[in-house]
Structures are given as C-alpha cells and as structure tokens.
4 protein chains.
Amino acid sequence: MSSEAPAFTPEVEAAIQTVREDVARLHGELVRYNLIVWTGGNVSGRVPGAELFVIKPSGVSYDDLDASNMILCDLDGNVVPGTAGSERSPSSDTAAHAYVYRNMPEVGGVVHTHSDYAVAWAARGEEIPCVITAMADEFGGPIPVGPFAIIGDDSIGRGIVETLRGHRSRAVLMQNHGPFTIGVDAKDAVKAAVMVEDVARTVHLAREAGPLIPIPQEAIDSLFNRYQNVYGQNADARR
Amino acid sequence: MSSEAPAFTPEVEAAIQTVREDVARLHGELVRYNLIVWTGGNVSGRVPGAELFVIKPSGVSYDDLDASNMILCDLDGNVVPGTAGSERSPSSDTAAHAYVYRNMPEVGGVVHTHSDYAVAWAARGEEIPCVITAMADEFGGPIPVGPFAIIGDDSIGRGIVETLRGHRSRAVLMQNHGPFTIGVDAKDAVKAAVMVEDVARTVHLAREAGPLIPIPQEAIDSLFNRYQNVYGQNADARR
Amino acid sequence: MSSEAPAFTPEVEAAIQTVREDVARLHGELVRYNLIVWTGGNVSGRVPGAELFVIKPSGVSYDDLDASNMILCDLDGNVVPGTAGSERSPSSDTAAHAYVYRNMPEVGGVVHTHSDYAVAWAARGEEIPCVITAMADEFGGPIPVGPFAIIGDDSIGRGIVETLRGHRSRAVLMQNHGPFTIGVDAKDAVKAAVMVEDVARTVHLAREAGPLIPIPQEAIDSLFNRYQNVYGQNADARR
Amino acid sequence: MSSEAPAFTPEVEAAIQTVREDVARLHGELVRYNLIVWTGGNVSGRVPGAELFVIKPSGVSYDDLDASNMILCDLDGNVVPGTAGSERSPSSDTAAHAYVYRNMPEVGGVVHTHSDYAVAWAARGEEIPCVITAMADEFGGPIPVGPFAIIGDDSIGRGIVETLRGHRSRAVLMQNHGPFTIGVDAKDAVKAAVMVEDVARTVHLAREAGPLIPIPQEAIDSLFNRYQNVYGQNADARR
C-alpha cells in the first residue's frame with residue numbers, strides 16, 4: 001500500500017477487509033450457477049460505516065480474483081488511491097454500482113450478470129410474470145424491466161434506481177442488457193442474481209408449452225410477507 | 001446434547017444416526033443433478049421403528065449440511081428438543097413432510113425441489129403424459145398435478161397425500177409450486193425427484209417439436225410391473 | 001472366484017480383464033456428457049477372440065462401478081457362473097446387447113442411454129435429419145428410428161439389428177424408449193452415444209427456430225467417406 | 001526431436017514453446033464452457049515472428065493434450081518435420097486455419113467448435129441479430145454466415161476470410177457446419193468462441209418467446225468503440 005493510502009480507522013480497515021473477502025469469494029457463486037462466461041459479471045459490496053464500496057477489477061479472469069485485487073471505490077465510483085488493487089481499473093460497470101449506493105442507502109450489495117434467460121427477457125423488454133411460489137417468496141411479484149441505457153454516464157444507474165425504488169423486487173432487467181440485483185449485502189444481491197436467472201428460465205420454459213395459471217395477488221402477498229419475515233435462521237439478515 | 005434430550009433406546013439412537021447421515025448426504029444428489037439452487041429443496045427420512053423423521057435446517061448452505069445439523073422432528077413436525085441441531089429452525093416445508101408421514105405409513109422418505117422443468121409443468125397445472133418407457137418403469141403412468149396450496153396450514157401436505165394415495169406415481173407436481181416425491185426411504189424419494197425432472201424435461205422437449213406417440217396402456221402396465229418387481233439388485237428395497 | 005469358473009486360456013483371461021476395465025471406465029463418459037441419470041444407461045464390450053461380452057450390473061450406482069463388478073456373459077446373455085461379479089444381476093438390457101452381438105459379428109460394443117434430446121425424437125418416432133456436417137461425418141445420414149418394443153423377449157435386440165444392419169448410422173432411436181448405439185468396440189459405441197445426443201440437441205434447437213438447409217447427398221457421402229477413412233490417428237480403429 | 005528438425009533461432013524456439021503451452025491449455029477452456037464433445041473443436045495460435053502456427057493433433061482426447069503433442073505447421077498447413085508431435089496428424093481443419101493465417105496477417109489465433117446453439121443458427125444459414133449490448137461490445141453487430149464448404153480444398157478457409165475480412169465480427173457461422181473465430185492471439189479467438197455460443201444461445205432463447213427490440217445502430221457503434229478501446233486492463237492486447 002503506497003504512502004498516498006488514506007488513513008482509515010481500524011474498524012473501517014477491518015470492515016474493508018471483510019467486504020474484500022466476501023466480494024472476491026462471491027464471484028465464485030456466479031461461476032457455480034453458470035451466470036457468467038469469461039470475465040463478464042460483477043459483484044460489489046458496501047463497506048458498513050463508510051462511504052465506500054468494493055468491486056472487482058475489469059477484465060480479470062475469475063480464477064485470479066482474490067481479496068487483494070478487489071478494488072476500493074468511493075461513492076462517486078472513484079478508485080481510492082494507494083489501496084490494494086488500486087493500480088488496476090475497476091469493473092466497467094462501476095459507475096452504475098456507485099449510483100445505486102449513492103441513491104439507495106439501504107442497499108449493501110449490487111450484482112450484474114449476463115445470465116442467459118434473464119437477458120432473453122431483457123432483449124424483448126418483457127417483465128417476468130409471477131407464476132411460481134418461489135418467485136412470490138423471493139421477489140414478491142413480477143421482475144420489472146428498466147430502460148435502455150448505455151455505458152458512459154449515469155443512465156444505467158439511474159434506470160436501476162428508478163425501477164427498483166419502492167419496488168418489492170431486488171432484480172431489474174435492463175432492456176437489451178441484462179439483470180442488475182440489489183440486496184442488504186453482497187451475498188443477498190448474489191442470491192437475487194441466482195434466483196432471477198432460475199425464475200427467468202422456469203417461466204420461459206413454462207410459457208413456451210402453454211398458458212400459465214396466475215397466482216392470486218393475495219397469495220403472492222402472503223408468501224412474500226412470510227418469506228421476508230420468517231424464512232431461514234436469520235430472518236433479520238434480509239431486511 | 002442438552003439434558004432435555006429424550007432417552008431413546010440404543011436401537012432408535014442408532015437408527016436416528018443412520019437417517020441423519022443418509023439425509024445429509026442425499027442433499028448432495030439434489031446438487032449433483034441440478035435440482036436446486038441456493039438453499040432451496042429439502043430431503044427428509046423417517047426413522048424406522050419410531051414416530052420420528054429427520055429433515056434439513058432452513059436456509060442453510062448445502063455446503064454446510066452434515067449429520068449433526070440435520071433436525072429431528074416428531075410426526076407433528078415439532079423439533080425434538082435437546083437433540084443435535086435442535087437450536088435451528090427446520091425446513092419451512094417441515095409441516096408438509098410431517099403430514100405425509102402421519103398419513104402415509106408406507107412412506108419412508110419425502111423430497112421437495114423447485115427443479116425447473118417440473119416447476120414449468122406445475123405453473124401450467126398440467127400433468128406429464130407417459131410417453132417414454134423409462135417413465136412407465138418408474139412412475140407407471142402420468143405424473144399428476146396437486147392443488148394450489150400455500151404454506152401456513154396443512155394444505156400442502158393434504159394436497160400431496162390426496163393426490164398420491166392409491167396412485168402409482170411417487171411424484172406430484174403441486175400447482176404453481178413444484179414437485180414433491182415420496183419413497184420407501186429417503187434415497188428412493190430422491191431417485192423419484194431426479195427422475196421426475198428428467199421426464200419433465202424430456203417430454204417438454206419432445207412435445208415442443210411435434211405430436212407424441214402414446215404408449216399403449218398394457219405396455220405401460222407391463223413395464224411398471226416388471227420394474228417394480230425385478231429391476232436392480234434389491235428389488236424388494238423398492239416396495 | 002468360485003470353483004465353477006470356466007478355464008479360459010491366458011489370452012482370453014487377459015482380454016476379459018481389458019474389456020472389464022474399458023467398460024467400467026467408459027461408464028464415466030456417460031456421466032461426463034450428462035447422458036444418464038441415476039443408474040440408467042449401460043455400456044457393454046465384446047471380448048475379442050471369445051463368445052463373450054462384458055456388461056454393467058443392474059441398478060448399481062455409477063460411483064461404485066469398477067472392473068471387478070462388471071459382469072461376464074455369453075452371447076445368449078447368460079452370466080458366466082463363477083466369474084467376478086457373477087453374484088449380481090446384469091443390466092436389464094442384457095438380452096438386447098446379446099442379441100446384437102449374436103447377429104452382428106462386426107460389432108464390438110453396444111451402448112444404451114436415455115439421453116434427453118435423443119429420447120425426445122424417439123417419443124415422436126421421428127428420425128433426425130442430416131443437416132450438419134459433423135453428423136454427416138459421424139453417421140453418414142439421418143439417425144433412424146427403430147420399432148416400439150418392450151423388455152421381455154428378443155424384440156428390442158431384433159429391432160436394433162433390423163434397423164442398423166446395412167445402415168451407415170451406428171445409432172438407432174428405439175421408439176418411445178431411447179438410443180442404442182454400436183461400434184467396433186465399446187469406446188466407439190460410447191462415442192456414438194455422445195454424438196447422437198449432441199446432434200439430437202443441435203438439430204432440435206436449429207429446427208425450432210426456422211427451416212433447415214439440407215446438405216446435398218453427394219456432400220454427405222463425401223464427408224462420411226473421408227471421416228471413416230482418414231480422420232484421427234488410427235483411422236483403421238474405426239472400421 | 002529428430003535430426004531433421006529445422007534450426008530455429010532461440011527467440012523463435014521460445015515463442016514456439018509459449019504458443020504450444022497456450023494452445024494446449026486453451027483447449028481446456030472449450031471443455032469448461034461446454035463448446036465441444038469428444039475430440040471435436042480445435043484451437044491454433046500463430047508463432048510471433050515466424051511463418052508458423054501451432055495446432056492440436058487430430059482425434060486425440062482432450063485429457064491427453066499438452067504442449068509436447070501440439071503440432072507445429074508452416075503457413076501452408078504442412079507439419080514441420082522433426083519437431084515435437086510431428087509424428088501425429090494435425091487437426092483435420094488445419095488447412096482452414098493455415099488459409100486464414102496466410103491471408104489475414106493481423107490474425108494470431110483461430111478456433112473452431114461445433115457448439116450447439118451456434119451450429120443451430122448455421123444449420124438455418126441465419127445470421128445472429130445484434131440485440132444485446134454484450135454482443136455489440138464484443139462483435140460490433142450481427143454474427144455473419146459463411147458459405148457451405150466441405151473439407152478437401154481451400155473452400156472453408158476462403159469462406160472464413162471472405163466473410164470476416166473488413167467485418168467487425170471475429171466470428172463466422174459456416175453454413176451447416178459451425179463457428180470459426182479469429183483473434184489477435186489464440187486466447188482472444190477462444191474468447192470469441194465462448195462469446196459467440198453465449199450470444200447464439202441467448203438470442204435463440206429471446207426470440208423463441210416473442211419479438212426482439214432492436215438496438216439503434218449508433219448505440220451499437222458506441223458500445224463497440226468503447227469496448228475495443230477502454231475495456232479491461234490491457235486494452236491494446238485486443239487490437
């Protein structure tokens with residue numbers, strides 16, 4: 001670490017290290033669930049108690065990712081100079097992640113992939129209808145579509161935030177592009193990325209063979225509320 | 001194990017331990033055959049000679065499952081206090097498993113997954129027609145659909161039992177939800193979960209390209225009877 | 001090995017051992033290429049210089065297959081008593097394999113799977129048209145469909161032989177059942193099983209999106225002849 | 001190495017060894033991304049500073065490929081006698097690779113696979129429309145189709161060169177055959193082979209469920225230009 005590195009408190013240093021390890025490791029889940037090919041896809045995590053987040057470097061093989069080459073950024077998406085990994089460029093989607101962290105303080109993790117079934121819905125600009133109970137549990141309704149936006153300004157980040165703010169879904173399908181997911185932390189956002197591809201695939205398969213049976217709205221509400229509140233060992237880790 | 005733990009006979013203790021090991025290990029088969037993502041899906045097994053069954057904890061990573069964190073329940077689905085793993089919550093589908101064990105004494109194992117092709121048929125509420133010989137062998141006819149039911153009371157368990165009681169099939173597609181399978185033991189129910197996804201996929205693919213050739217009922221009967229009676233090294237392990 | 005074991009010459013003993021090892025190992029290729037689930041599928045190999053073949057036991061996990069539990073059979077499909085593995089039942093498809101060996105002396109290996117795309121064509125009773133050059137190379141034309149036949153007599157074996165005798169294809173899709181493939185040895189038949197699923201999948205995908213371009217017959221002939229004669233390091237190992 | 005081996009300068013010897021290692025290793029990426037079955041598919045790499053390239057042997061298992069059995073060829077596709085691996089036949093697609101290297105001096109790597117979705121488009125002779133941003137990034141527009149051509153003369157190589165010369169795309173779908181990709185080196189061509197299958201699959205899935213939303217040409221241009229110039233850590237490694 002060079003002499004330019006900022007002086008963080010020991011608590012923040014420890015939090016940065018934890019997020020670096022989590023974010024590096026969680027990229028492995030994108031591989032495990034076949035959500036990415038080559039160097040596509042990226043996971044980031046907010047550093048609790050600081051105006052910082054950690055994201056993967058651009059164009060580096062998933063085999064070579066570890067805590068020390070993850071990149072620390074401020075909430076404007078600028079690399080924090082003098083910190084581990086800062087000699088590399090961060091993911092080309094860093095500006096979109098930063099925009100989400102700046103505008104959605106409740107978000108602790110952001111994930112972007114090009115997982116195939118989710119991208120297929122995005123290429124048609126079509127939301128995924130909520131016809132399976134696992135989707136009601138996880139997303140509380142349909143997966144919405146965000147606007148067409150290309151890299152170069154804040155338009156991707158703004159599209160994500162405008163679509164997901166106040167929405168039950170933690171996933172948005174950016175038109176012609178692919179899914180972005182958010183969560184209370186990086187792991188939660190990765191789970192949403194895994195689940196959105198799973199429901200994108202299942203509903204695609206279901207619909208190509210005939211008409212789907214809708215789930216009544218009150219059943220969707222009931223499933224969503226139960227799952228957010230009582231599922232798992234640490235329900236309050238979700239929200 | 002705390003002092004509240006019930007005093008089981010050595011035979012029951014040994015049986016519990018065997019089922020714990022089997023159930024923990026069999027979750028690995030759900031992973032191997034891509035039947036689940038994240039923490040979805042669950043396997044349970046009845047403890048022979050006792051009013052007990054073993055099931056997985058809720059929301060725990062498949063990488064972390066082992067015999068010691070499987071959860072022992074009575075046939076009302078209550079965790080047996082003071083036993084290994086009892087500090088955790090059991091699978092959120094525990095009530096459905098318990099209902100099956102209470103009402104189908106011949107059942108020794110229950111499995112639930114959200115495997116994609118099976119869920120796709122469930123989202124249309126459509127039974128899978130028996131057009132391949134492997135399906136006649138294993139299920140003896142079509143895979144039936146069970147009612148729409150949501151978590152919160154006995155309605156899922158009742159739907160499973162009412163659909164499968166007296167039916168050749170060991171698998172039911174619960175509408176908008178997914179497959180539940182039963183078997184003489186946990187392994188047999190896992191096999192049924194693997195096979196139901198395989199036939200759901202194959203018949204989906206077959207039908208999307210043109211009309212299917214039905215198998216005559218007497219051939220289905222002949223295949224089912226042969227398979228149940230003579231296949232494998234331990235035919236009587238199946239029924 | 002019990003005292004009933006026949007006295008083979010050392011050459012035949014050595015050949016049996018080689019085929020046992022090959023057949024056990026080649027089942028791993030069925031797993032690698034996702035052609036089978038659970039204990040489905042089987043590979044057999046003829047013992048050169050003897051009226052014998054080696055096949056897998058029935059209903060045994062693929063994890064547990066090795067040379068010593070493969071089963072030695074005569075060309076009527078009877079287990080050779082007193083030989084390694086003879087205490088178990090052979091694959092329930094043994095009679096079909098034996099029929100092929102009895103009636104096609106040029107065949108040194110037979111494979112059967114329920115690979116999904118191949119079974120999908122079989123469930124429609126539809127041959128796979130030859131629209132890709134790799135298929136012309138490997139099979140020299142379409143993959144034919146064999147008759148509906150069920151286990152219990154020689155009808156499966158007869159259907160395979162009547163369809164493949166004099167045909168360029170080493171694969172047949174038995175109606176409503178699945179693919180059987182043949183080869184000069186077990187490895188060659190396994191290759192055909194891998195390739196038939198690959199072409200079944202590719203042509204399925206191609207056709208569901210629009211009309212296919214046929215390959216002129218003379219190009220098919222040219223590709224097939226070249227591939228059978230010059231491809232690979234050991235062209236004469238193929239024919 | 002026999003006495004016939006040509007005397008290369010130490011620099012060329014070192015470059016040959018590096019390319020041998022890269023080409024052998026990169027075949028593993030074709031396996032990792034499920035682009036090939038059995039011994040299908042091949043990767044080659046030009047030796048910088050020499051009129052030579054390295055390609056895989058014909059019909060050899062992917063498990064057995066290493067630097068020492070890769071084959072060194074001149075730009076007419078003739079094996080360089082006396083060099084490591086020269087006792088074997090090179091890939092049956094060697095003539096096509098050689099034609100590309102002779103006629104496109106900017107190309108440093110060539111890859112051919114039979115990846116299923118790409119072949120499916122090729123069997124219809126249909127180009128893949130550019131409807132996803134990752135495809136605009138990587139290929140700058142649609143993936144073109146090349147002519148029907150069979151092994152035996154220069155027609156495959158000529159078809160590749162005539163289609164890709166002056167085209168943004170590094171991938172061509174040879175009709176009824178499959179994808180060939182080019183790159184600045186072997187790794188770049190492998191990346192293109194991975195990406196062309198990914199986009200072939202995604203656009204196939206997208207279109208089978210309804211109409212696609214086109215991406216405006218100026219957005220495609222902008223994405224392509226940015227990606228070629230600024231993406232990754234070593235942008236100039238791409239072009």
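The values are calculated or read from the model by the stated rules, or taken from the named source; none is laboratory data. Computed from a prediction, not measured in an experiment: that's the story for all the values here. We place every Cβ from the backbone using ideal geometry, glycine too, and count neighbours over all the protein chains shown. Each accessible area value is taken on the protein alone, full model and side chains, heavy atoms only, with ligands, DNA and RNA left out. Shrake-Rupley method; radii C 1.70, N 1.55, O 1.52, S 1.80 Å.
Before moving on, here are some points about what is shown:
- Nearby lysines by direct alpha-carbon distance to D:K56 (threshold 19 angstrom, same-chain neighbours under 8 apart not counted): D:K187, D:K191
- Placing +1 on the Cβ of every Lys and Arg and -1 on the Cβ of every Asp and Glu, with no other charges, gives the range B:12-151 a dipole of roughly 140 debye about its Cα centre.
- Alpha carbon Rg of chain C, scaled by the compact-globule rule 2.2 N^0.38 Å: 1.01
- Helical segments meeting 18 Å axial Cα length and Kyte-Doolittle 0.0 threshold in chain B (DSSP H): B:186-208
- Based on Cα atoms of the range A:1-66, Rg over Rh with Rh as the Kirkwood radius reads 1.03.
- Accessible area per residue for chain B, computed on protein heavy atoms with a 1.4 Å probe, is 36 Å².
- Ranked by how many other beta carbons lie within 10 Å on average, peptides C:206-212, C:83-89, D:52-58 from highest: D:52-58, C:83-89, C:206-212
- Taking each DSSP H run with n ≥ 4 as -39500 (n - 2.57) and averaging over every residue of chain A yields -13000 deg cm²/dmol at 222 nm.
- Check: the protein assembly as shown dipole with +1 on Lys, Arg Cβ and -1 on Asp, Glu Cβ, in debye: 1280
- Ordering C:L75, C:S222, C:P179 by Cα displacement along the dipole of chain C toward the positive end leaves C:S222 in first place; charges were set at the Cβ atoms of Lys, Arg (+1) and Asp, Glu (-1).
- Computed log10 I(q)/I(0) for the protein assembly as shown at 0.08, 0.10 Å⁻¹: -0.84, -1.30, from the Debye equation with unit scatterers placed on every C-alpha and solvent omitted.
- In sequence order, calculated HN-Hα J values of the range A:107-112 (Karplus, 6.51, -1.76, 1.60; Hz; x Gly/Pro): 8, x, x, 9, 9, 10
- Sorted shortest first, the distances from the D:E208 label point to those of the same residue in the other copies are 0.2, 0.2, 0.3 nm; each point sits 7 Å from Cα along Cα-to-Cβ.
- Positive-end ranking of C:S89, B:V100, D:A5 along the dipole of the protein assembly as shown, with charges on Cβ about the Cα centre, is headed by B:V100.
- Centre-to-centre separation between the Cα atoms of the range C:163-213 and those of the range A:143-216: 39 Å.
- Net charge dipole, chain C: roughly 460 debye, given to the nearest 20, about the Cα centre with Cβ charges of +1 for Lys and Arg and -1 for Asp and Glu.
- Value in Å of the Kirkwood radius, where the range C:131-239 supplies the Cα pairs that are averaged: 14.8
- The range A:153-204: radius of gyration over Cα atoms, expressed as a fraction of 2.2 N^0.38 Å: 1.13
- In sequence order, calculated HN-Hα J values of the range A:39-55 (Karplus, 6.51, -1.76, 1.60; Hz; x Gly/Pro): 9, x, x, 7, 10, 9, x, 6, 7, x, x, 8, 8, 9, 9, 10, 9
- Percent antiparallel among DSSP beta bridges (both partners in the range D:73-195, rounded to 5): 75
- Taking Cβ atoms as reference points and 13 Å as the exclusive limit, the residues near C:I150 contribute a net charge of -4, counting Lys and Arg as +1 and Asp and Glu as -1.
- With its label point put 7 Å out from Cα toward Cβ, B:P144 sits 4.2, 4.2, 6.0 nm from the same residue's point in the other copies, in order from shortest.
- Accessible area of C:D63 in the full protein assembly, 1.4 Å probe (Å², nearest 10): 100
- Residue of chain C with the Cβ closest to the rotation axis carrying C onto B, and that distance rounded to whole Å: C:E208, 5.
- Based on Cα contacts under 8 Å between residues 6+ apart, chain C shows a relative contact order of 19 percent.
- Relative contact order for the range B:1-108, counting Cα pairs under 8 Å that sit 6 or more residues apart, in percent: 27
- Simple spin-label estimate for B:E87 and C:E51 gives 7.0 nm between the two label positions (7 Å along the Cα-to-Cβ direction from each Cα).
- Counting Cβ atoms of other protein chains within 10 Å of each Cβ in B:110-119 and taking the mean gives 4.
- Of interest is the spacing of the C-alpha centroids, which for the range A:57-90 and the range D:47-99 amounts to 39 Å.
- Carbon plus sulfur fraction of accessible area for chain B, probe 1.4 Å, in percent: 49
- Charge sum, other residues only, whose C-beta stays under 11 Å from C:A95's C-beta, Lys/Arg counted +1 and Asp/Glu -1: -2
- The H on the amide N of A:V80, modeled in the peptide plane, is under 5 Å from the matching H of A:L72, A:C73, A:D74, each at least 5 residues off or on a different chain.
- Counting from the shortest, the label point at B:P6, 7 Å from Cα toward Cβ, is 5.8, 5.8, 8.2 nm from the same position in each remaining copy.
- Total buried accessible area between B and A, probe 1.4 Å, nearest 100: 2700 Å².
- Per residue of D:148-154, other chain Cβ atoms within 10 Å of the residue Cβ number 4 on average.
- Neighbour net charge for D:D198 - beta-carbon separation under 14 angstrom, K R +1, D E -1: -3
- With 30 Å² as the minimum drop in accessible area between chain alone and full protein complex (1.4 Å probe), the qualifying residues in the range C:185-209 are C:K191, C:D198, C:R201, C:T202, C:H204, C:L205, C:A206, C:E208, C:A209.
- Peptide A:32-40 has a mean of 4 when you count, residue by residue, the C-beta atoms of other protein chains within 10 Å of its C-beta.
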